[in-house]
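The values are calculated or read from the model by the stated rules, or taken from the named source; none is laboratory data. As the structure is a prediction and not an experimental result, all values here were calculated from the model. Please note: Cβ atoms are built from the backbone with ideal geometry, for glycine as well, and neighbour counts cover all protein chains shown.
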Amino acid sequence: MTNVAVEGMAFMVFFCVTSFEEWLMHRYLMHHIFLGWKAPFRSHTLIHHHIFGADESYYIDNHAEGEKAEHKRHIRFAFKYGVICLSAAALIALALKSLTGLPVFWGILAASGLYYFLYEYGHWCMHVPQ
């Protein structure tokens, strides 16, 4: 099997793994205080869900004109958490490459990066429909 095929398979598998990781983070880190770490819970559950509810406030267009700019700041994932996620993916990729000898690093990193970008873009589009 060629290196490109192995990287492609790693990309496809890890794209699904990243989706599961995102669900775990959302479920346990962003909706609960996890091991005393309050920042993700506070920024997501207490602030984001307060601003963007399950009613007409879900869409930014329904917010008061003076609040829109401030509220847009609370749509995206904090950049530092994206860096943490991509760094974790890089460490996992390096570990798998070291353990198996398979060329999986770039496929895993690309899958994680693309998933993060698509998640952010999709989430933005949900709250700020054009």
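Among the criteria (1) more than 23 Å from His26 (Cα to Cα); (2) in a helix (DSSP H, G or I); (3) at pLDDT 90 or above, the one Ser87 does not fulfil is (1).
The set of residues in region 40-70 that are in contact with a Pro (Cβ under 9 Å, 6 or more places away or on another chain) and either farther than 11 Å from His127 by Cα or assigned to a loop (DSSP other than H, G, I, E, B) (or both) contains only Tyr59. Applying a threshold of 7 Å to beta carbon distances and a minimum spacing of six or more residues, or different chains, the list of pairs starting in region 69-85 at a residue that is in contact (Cβ under 8 Å) with a residue 60 or more places away in the chain and ending at one that is crowded, with 16+ Cβ neighbours inside 10 Å and among the hydroxyl-bearing types (Ser, Thr, Tyr) reads Cys85/Ser112; Cys85/Tyr116. Scan region 90-112 for residues that are closer than 19 Å to Met25 by Cα and surrounded by fewer than 16 Cβ atoms within 10 Å (Cβ to Cβ) and the total you get is 2.
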